[in-house]
Amino acid sequence: MTGIEGRTVAAATRYFPERGDPGYHVRHYDLALEHRLGPNRLSGTARLTAVAAEPLDRVELDLGPFQVGQVLVDGERARFAHRDEKLRVTPPRWLPEGRTFTVEVRYAGNPRPVPSHWGGLGWDQLDDGVIVASQPIGASSWFPCNDRPCDKASYDIAVTTASPYTVVCNGTPVSTRRGGSRTTWVYRQEEPTAAYLASVQIGRYQLAALPGEVPQRLAAPAALHSRARHDLGRQEQMMRVFRELFGPFPFASYTVVVTEDELEIPVEAQAMSIFGANHMDGRRGSERLVAHELAHQWFGNSLTLRHWRDIWLHEGFATYAEWLWSEASGGEPAEAHARRWHARLADRPGGFVLADPGARRLFDDRVYKRGALTLHALRRVLGGPAFTSLLRVWTDAYRHGVVTTGMFTELAGHYTPEPLDAFFESWLYTETLPPL
């Protein structure tokens, strides 16, 4: 497998070469934001605590077309240039390797989504509120960041907006302070979080607790609460099934946001999922999506890919979780789902390499379904108990960390005396779909 892994590294650098700076690692983001919905005006102060991974005479941040008023490095004014969605900061003096430093950026402007092959990414206006959906490169639409999925940090996020609106961010609510016609909502996300998984949701939401051993809550417009509660009625059962299969839930709580608008697809964020009104039909018509987004809390949010080429470690696992939930809840067994989808994929022309599909195919449906098929085929090879043990060890060993395909295949090799090289070669690194 070494040769194949080496062959794909060069391709990985071509996915989003303009994003991120490997010269440093962010440890914490402290974001203080003020948003005015009418003019869609966002002003903020972002304070990043980071560690130099090499000697630095410049620090590059990803940031959209805002006006930058001032930049401080370790409390001192620093020179900067801002163009092409890059904020290039020159510290007053060199930052030696291993040095912890802070960068404070004061900025303002009209946030707009980052254009991409999949449409606009990041901060976007709803009919009456805001949604943030940043995967994979939209985080710079609302705050200065090191937009690399492997650069995970903790967050403090404070958002001030008009008082009729509720703000939902990642993590645990810390405080809510009302002053006149505006309210400040403060959240803290202690677990390491990739920039694309940081999120702000603003709407006329009512908050309510959902039942469960893991604290769960719902944020939805009042008119949608009844439908949403019904459609999320088995989420706690789903949570129990996934905890048995995947290990403990990786975060302190879990929040589901339902927007008044319809959304093409649900949105994942750290310890949070966002659904459109169309996903809550009152008949549990989108329950597989509820399972999919919940599974992402283990696969994608706790265990985050190091390189975007490994997207199957997120989407393949979340899709297979849909099949496992179907099986556990009295629906079709995973075997039936696997046979049906294998037949459908086999009829589609053209192939692709699952472990390196290319940037434009990151969210191709074949990545999702072939990824799930790969896991089902592996479950057949290992047997059910060994497969479950593998998943639980996988989520425990790399909890809140970053992962690669090679790390998963190496771990899987410990669960069978027979070599798995040929198996993974055919499923992960060969364009042609293997027989099931």
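Miscellaneous remarks
- Positive-pole candidate from Val159, Leu420, Val51, dipole of the chain, charges at beta carbon: Val159
- Residues in the stretch 210-246 reached by a label modelled at Ala252 [backbone nitrogen below 20 Å; 7 Å Cα→Cβ]: 210-219
- Nonlocal amide H pairs with Arg41, under 5 Å, H built at 1.01 Å: Arg36
- Shape of the stretch 204-297, Cα gyration tensor, a/c cut at 1.5: prolate
- Think of the chain as having a plus end and a minus end, set by charges on the Cβ of Lys, Arg, Asp and Glu; of Asn40, Leu305, Gly179, Gly179 sits farthest toward the positive end of this dipole.
- Cα gyration tensor category, rounded, prolate or oblate, for the stretch 304-428 with a/c compared to 1.5: rounded
- Placed amide H near Arg204: partners under 5 Å, 5+ positions off or other chain: Thr166
- Efficiency of FRET from Cβ geometry, Arg93 and Arg339, R₀ 60 Å, rounded to 0.05: 0.40
- Cβ-derived FRET efficiency at R0 56 Å, Gln125 paired with Glu431, nearest 0.05: 0.85
- Rounded to the nearest 5, the antiparallel percentage of DSSP beta bridges internal to the stretch 182-290 is 50%.
- Per-residue 3J(HN,Hα) values for the stretch 135-144, derived from phi via the Karplus relation 6.51 cos²θ - 1.76 cosθ + 1.60 with θ = phi - 60°, read 5, x, 10, x, 4, 5, 6, 9, 7, x Hz in sequence order (x marks Gly and Pro).
- Backbone phi angles across the stretch 154-159, fed through the Karplus curve with coefficients 6.51, -1.76 and 1.60 (θ = phi - 60°), yield HN-Hα couplings of 8, 9, 10, 10, 10, 10 Hz in residue order; Gly and Pro are listed as x.
- Put in line by how crowded their Cβ is, counting other Cβ atoms within 10 Å and starting with the fewest, Lys86, Lys369 read Lys86, Lys369.
- Size descriptor for the chain, Kirkwood hydrodynamic radius: 22.5 Å (Cα pairs only, one decimal).
- Förster radius 25 Å - calculated FRET efficiency between Ser329 and Glu264, Cβ distance, rounded to 0.05: 0.45
- Neighbour counts of C-beta atoms inside 10 Å place Glu268, Glu191 in the sequence Glu191, Glu268, starting with the fewest.
- Distance from the C-alpha centroid of the stretch 332-385 to that of the stretch 106-158: 30 Å, rounded to the whole angstrom.
- Compared with the rule-of-thumb size 2.2 N^0.38 Å for a compact globular protein, the stretch 1-151 has a Cα radius of gyration ratio of 1.11.
- Ranked Ser226, Ser286, criterion: other C-beta atoms within 10 Å, fewest first: Ser226, Ser286
- Relative to the Cα centre, the charge distribution of the chain, modelled as +1 at Lys and Arg Cβ and -1 at Asp and Glu Cβ, gives a dipole magnitude of about 640 debye.
- For the stretch 241-391: rounded, prolate or oblate by the Cα gyration tensor [a/c cutoff 1.5]: rounded
- Among Ala321, Leu210, Leu390 the positive-end extreme of the charge dipole of the chain (Cβ point charges): Leu210
- Residues whose amide H lies under 5 Å from that of Leu305, counting only those 5 or more places away or on a different chain, are Val403; hydrogens are built 1.01 Å from N in the peptide plane.
- Its Cα centre serving as origin, the stretch 218-327 has a Cβ charge dipole (Lys and Arg +1, Asp and Glu -1) of approximately 300 debye.
Any read-out appearing in this document is the output of simple, stated calculations on the displayed coordinates, not a laboratory observation. Model, not experiment: these values are computed from the prediction. Note that we place each Cβ from the backbone using ideal geometry, even for glycine, and neighbour counts take in every protein chain shown.
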